[in-house]
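*Asks:* Please see the structure below; I have some questions.
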Amino acid sequence: LELAEHKTAAALQITRQIQTQHPKSPLGFEREGDILLAQKRLPQAIQAYEQALARGAGSAQLIKLHQAYIKAGNTQAADQRLTGWLKQHPDHHAVRAYAANYYTASGRSRDAIAQYQEIQRQTPANVIVLNNLASLYQREGDSRALATAEQAMKLAPDNPAVQDTLGWILVEQGQIKRGQEWLRKALAAAPKHPSIRYHHAAAQARSGNRAQARAELERRLTGSPHFPETEQARGPSQGFWA
């Protein structure tokens, strides 16, 4: 309530009262960390989250601590905390999935693959994990990409994200006609998804329909200029527009 009224100092005072009255509870330290993080007081927020974890805080607080370290520019400490937690809690899928997403966004595909592989080992029918693994395998030139995408397709044949992944892998592996069929289905199911529209247009370009592909990408860049493949869409780096 104090925070809702923008009374930060009063809110912090309450968190410290909780810490005094319940010194073994992580709650007061976690709430203090949240407030300090919102204020961008990163060293103090990190210290508060560390105190919370020392008192038994869970995976959600570990993720907050990792994010605070990243924002503070201390990626080494962030990675040490993340890997240490996963060693101590190997069955915490939420943190492992968070780690995989973090590594993917950071361009560390092999680290992301290792995390997804462990989740898959524990939950072999996880469609999201299989789909993400297939994309990462393809990015790394791993021969398991297509088989993994097809495995995800068997589990979720109507999922546009799965259709998009399989279609794009097929296109990149030279099976353009078959890939386009899946990409058309994905586009029909999710017509506003920027990555799906990019893959569909890029497949058109590779099949020789460059004018239509260019028009589609120009519309996409105008309507949604920021998506994972923005740079590829803008430039000729993959030879689509030669």
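The values are calculated or read from the model by the stated rules, or taken from the named source; none is laboratory data. Predicted model only: the values in this text are computed from it and were never measured. Quick reminder, even Gly has a Cβ in these numbers, built from the backbone with ideal geometry, and neighbours come from all protein chains shown. All accessible areas refer to the heavy atoms of the entire protein, side chains included, with ligands and DNA or RNA removed. Shrake-Rupley method; radii C 1.70, N 1.55, O 1.52, S 1.80 Å.
*Asks:* Just name the residue that is surrounded by the fewest Cβ atoms within 10 Å (Cβ to Cβ) out of those in region 115-154 that are among the hydroxyl-bearing types (Ser, Thr, Tyr) and assigned to a loop (DSSP other than H, G, I, E, B).
*Replies:* Checking each candidate, the answer is Ser143.
*Asks:* Tally the residues that are more than 25 Å from Thr104 (Cα to Cα) and of a type in the set (A, V, I, L, M, F, W, C), restricting the search to region 22-80.
*Replies:* 11
*Asks:* State which residue pairs qualify: first residue open to solvent by less than 40 Å² (accessible area, probe 1.4 Å) and inside region 8-19, second residue among the basic types (Lys, Arg) in any location, beta carbons under 6 Å apart, and separation of 6 or more residues or different chains.
*Replies:* Thr15/Arg31
*Asks:* Here's a follow-up. Can you name the residue in region 174-186 that is touching a residue at least 24 places away in the same chain (Cβ under 8 Å) and over 18 Å from Asn132 (Cβ atoms) and is also most open to solvent (accessible area, probe 1.4 Å) among such residues?
*Replies:* For region 174-186, the residue satisfying everything is Lys177.
*Asks:* Would it be correct to say that Arg220 is more than 20 Å from the chain's Cα centre (by Cα), of a type outside the set (A, V, I, L, M, F, W, C), at pLDDT below 95 and crowded, with 17+ Cβ neighbours inside 10 Å?
*Replies:* yes
*Asks:* Taking the options Leu166, Leu170, Leu183, name whichever one is under 21 Å from the mean Cα position of the chain (by Cα) and either closer than 16 Å to Leu146 by Cβ or at pLDDT 95 or above (or both). Outline the logic, then answer.
*Replies:* Values: Leu170 fails: under 21 Å from the mean Cα position of the chain (by Cα); Leu183 fails: under 21 Å from the mean Cα position of the chain (by Cα).
Going through Leu166, Leu170, Leu183 in turn, the sole match is Leu166.
*Asks:* May I ask you to say which residue of Ala105, Ala112, Ala97, Ala77 is at pLDDT 95 or above, open to solvent by 30 Å² or more (accessible area, probe 1.4 Å) and hydrophobic (A, V, I, L, M, F, W, C)?
*Replies:* Ala97
*Asks:* If you check Gln61, Gln47, which single one turns out to be open to solvent by 40 Å² or more (accessible area, probe 1.4 Å), part of a helix (DSSP H, G or I), free of Cβ contacts under 8 Å to residues at least 60 places away in the same chain and out of contact with any Lys or Arg (no Cβ under 9 Å at 6 or more places or on another chain)? It would help to see each step written out before you state the result.
*Replies:* Details: Gln61 fails: open to solvent by 40 Å² or more (accessible area, probe 1.4 Å).
Matching residue, one of Gln61, Gln47: Gln47.
*Asks:* Specify the residue that is least open to solvent (accessible area, probe 1.4 Å); the eligible residues are those in region 155-173 that are in contact (Cβ under 8 Å) with a residue 24 or more places away in the chain and more than 19 Å from Tyr137 (Cβ to Cβ).
*Replies:* Pro160
*Asks:* Since Ala4 meets every condition but one in (1) more than 24 Å from the chain's Cα centre (by Cα); (2) modelled with pLDDT of 95 or more, which condition does it not meet?
*Replies:* Only one criterion in (1) more than 24 Å from the chain's Cα centre (by Cα); (2) modelled with pLDDT of 95 or more is unmet by Ala4, namely (2).
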